[in-house]
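Quick note: the coordinates plus some simple rules give every number you see, no bench work behind them. The model shown is predicted, which means the values in this text are computed figures rather than measured ones. With ideal geometry, Cβ positions are generated from the backbone for all residues, glycine too; neighbour counts draw on all protein chains shown.
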Amino acid sequence: MTDVFSSNESFDPKKLLTGLFQTAVAAADPKVVLPGFLDSISTELLVRDGDRAVVVIGAGKAAAAMASALEGNWYGGHLSGLVVTAYGHAMPCEQIEVIEAAHPVPDQNSEIAAQRILNLVADLNENDLVICLLSGGGSSLLALPAPGITLADKQQINKALLKSGADIHEINCVRKHLSAIKGGRLAAACAPAKLMTFAISDVTGDVPGDDPAVIASGPTVVDPTTRQQALAILNKYHITMSDAVHQWLGGSESETPKTACGQTEFQIVATAKQSLQAAAKQAEKFGLTVLMLGDDLTGESQALAKSHTALVHSILDHSALDKGQPVSAPCVILSGGETTVKVRGSGRGGRNTEYLLSLSTQLKGQAGVYALAADTDGIDGSGDNAGAILFPNSCLRGEKLGLNAKKMLENNDSYGYFEALGDLIITGPTHTNVNDFRAILVLPD
């Protein structure tokens, strides 16, 4: 252990926080996590007699990287297939085709890819194997409208839900019931072939564990949500529906599969919890106490920042130690999950920069407090940044530049604020996705 606080070593808070983020991302790298799950499958196929097809399909921001890792660690015979990933997230593959499509709102390529994937798994027999590679982002990348519904219908509803403040579970419930491929329908299409799904989980919320039905809107597992719930969510957020959508959700055909179909297995290969644990171990090497808040924090970004500000103040309040406060400075507070942003203004920003700008307005330049918030996929919202980093002097620097943090927060212009400060974190696509990573470093005053 290197205790930088009792040694003569120089200490760089920015380097430490960005290092923790990089550690979290590396812990979910497909080429690191996927190979260990492939040996037994390859061996089984080699010893089995008879001809069989091995078809690889998939969707998500990590899908191309997963396909590349699969090809590089596969010795179970010839592969073929197709995966769809977000624009800019493709990686070269030799046997598996890669298509890029739009995220977070689907486009025509999302629809084309979904239909082609359904075509690939049609007419397989019980000796064949389908390997499905899923990760966060798969919901919009694999978008095939249900009968009678247009892609424009889905795009309009998706955009409205993203701006409404609806959480990801509500959004996915609606997506499943407007889709011809999500919510277990892809699994039904694969039968009677054996279906094995490998997933990098970005699941958050109040469902225990990493629920397969939530990852990429669960195309290969049965769906516990109902069409009535989907309709209630649209009404709750006052989302405008076309007559076709309303008619579809009113009929029984819109209900998703509730029982398993065929031979299916589901394996999660990377989670937010694993990434946070890797970052925690790294922080402890620097002599920091780690306060882990969990990998499934949700709610509005500004509300979460408010609760975290209160926690920081309690840590810095020395008298709080007598009241059972679990940690004291120096420490790092780690958390994951996926918050939401209620869009009220016309600015630019994602949930991570929104969280940090809110944190800044409440900490008000508190000495010794630094924070980083970033999405592990490298994209915060629809920007070109993964997130940003907050310094004790961020508020003062912003004022010198003529920036009004509160007004920019009201306008949802957190990107503009941190861009002006030069404190955006820009990584480019990381080729994985275990949701958001937040770290608050609290140093002794």
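Want the number for Thr298 to Glu399: 0.36 nm per residue separation, take away the alpha-carbon distance, what's left?
Values: separation 101, 0.36 × 101 = 36.36 nm, distance 3.04 nm.
The span from Thr298 to Glu399 would gain 33.3 nm if fully extended.
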Rounded to one decimal in nm, the spacing of the 7 Å Cα→Cβ label points at Tyr87 and Lys281 is 3.8
Hand me the chymotrypsin sites (Phe, Trp or Tyr not before Pro) from the range 57-166 located in a DSSP loop with no more than 13 other Cβ atoms within 10 Å, in residue order please.
Tyr75, Tyr87
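Evaluate 2.2 N^0.38 Å with N set to the residue count of the range 368-445, then give the Cα radius of gyration divided by it. Walk me through the numbers before you get to the answer.
Values: Rg = 13.2 Å, N = 78, 2.2 N^0.38 = 11.5 Å.
Here the Cα radius of gyration is 1.15 times the empirical estimate.
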When the chain is fully extended, how far beyond the present Cα-Cα distance does Gln108 get from Lys14, taking 0.36 nm per residue of separation?
29.8 nm
Let me check I've understood the local charge: for Gly345, count other residues with C-beta under 14 angstrom from its C-beta, Lys and Arg +1, Asp and Glu -1. What total comes out?
+3
Mind computing the radius of gyration and Dmax over the alpha-carbon atoms of the range 227-332? Å is fine for both.
22.9, 62
Below 17 Å, Cα to Cα, which lysines can Lys61 reach? Residues fewer than 8 away in the same chain don't count.
Lys31, Lys182
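Arrange the peptides 267-275, 170-178, 411-419 so that the one whose residues have, on average, the most other Cβ atoms within 10 Å appears first. Don't skip to the answer; put the middle values down first.
Working: 267-275: 22.0, 170-178: 25.9, 411-419: 23.7.
Answer by packing, highest mean first, reads 170-178, 411-419, 267-275.
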Please give the FRET efficiency for Lys406 paired with Asn119, using the beta carbon to beta carbon distance and R0 = 60 Å, rounded to the nearest 0.05.
0.70
Please give the net charge around Thr259, taking every other residue with its beta carbon less than 14 angstrom from that of Thr259, where Lys and Arg add +1 and Asp and Glu add -1.
0
If each residue's Cβ is checked for other Cβ atoms within 10 Å, how do Asp377, Asp153 rank with the fewest at the top?
Asp153, Asp377
Rg/Rg_ref, the chain, where Rg_ref = 2.2 N^0.38 Å and atoms are Cα
1.02
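By the gyration tensor of its Cα atoms, with a ≥ b ≥ c the square roots of the eigenvalues, what is the shape of the range 30-270: rounded for a/c under 1.5, prolate for a/b over b/c, or oblate? Display every interim value, and only then the final one.
Working: a/c = 1.89, a/b = 1.70, b/c = 1.11.
Note, shape of the range 30-270 comes out prolate.
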Note the full-extension length gain between Ala310 and Thr150 as 0.36 nm times their separation in residues minus their Cα-Cα distance, in nm to one decimal.
53.0 nm
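Counting Lys +1, Arg +1, Asp -1, Glu -1, what net charge surrounds Gln362 among other residues with beta carbon under 11 Å of its beta carbon?
Details: positive: Lys306, Lys364, Lys406; negative: none.
Residues close to Gln362 contribute a combined charge of +3.
Distance cut-off 30 Å, Cα to Cα: go down the list Lys273/Lys342; Lys194/Lys281; Lys159/Lys407; Lys342/Lys364 and report the pairs above it.
On the way: Lys273/Lys342 26 Å; Lys194/Lys281 39 Å; Lys159/Lys407 24 Å; Lys342/Lys364 23 Å.
Going by Cα-Cα distance, Lys194/Lys281 fall outside the 30 Å limit.
Ranking request for peptides 303-309, 333-339, 385-391: highest mean number of other beta-carbon atoms within 10 Å first, then the rest in descending order.
On the way: 303-309: 18.9, 333-339: 23.1, 385-391: 25.7.
Per-residue mean Cβ counts within 10 Å order the peptides as 385-391, 333-339, 303-309.
Using a Förster distance of 41 angstrom, determine the FRET efficiency expected from the C-beta separation of Glu253 and Lys163, and round it to 0.05.
Details: r = 29 Å, r/R0 = 0.71.
Efficiency computed from Cβ-Cβ geometry: 0.90.
Ranking request for peptides 236-248, 54-66, 288-300: highest mean number of other beta-carbon atoms within 10 Å first, then the rest in descending order.
Result, highest mean Cβ count within 10 Å first: 54-66, 288-300, 236-248.
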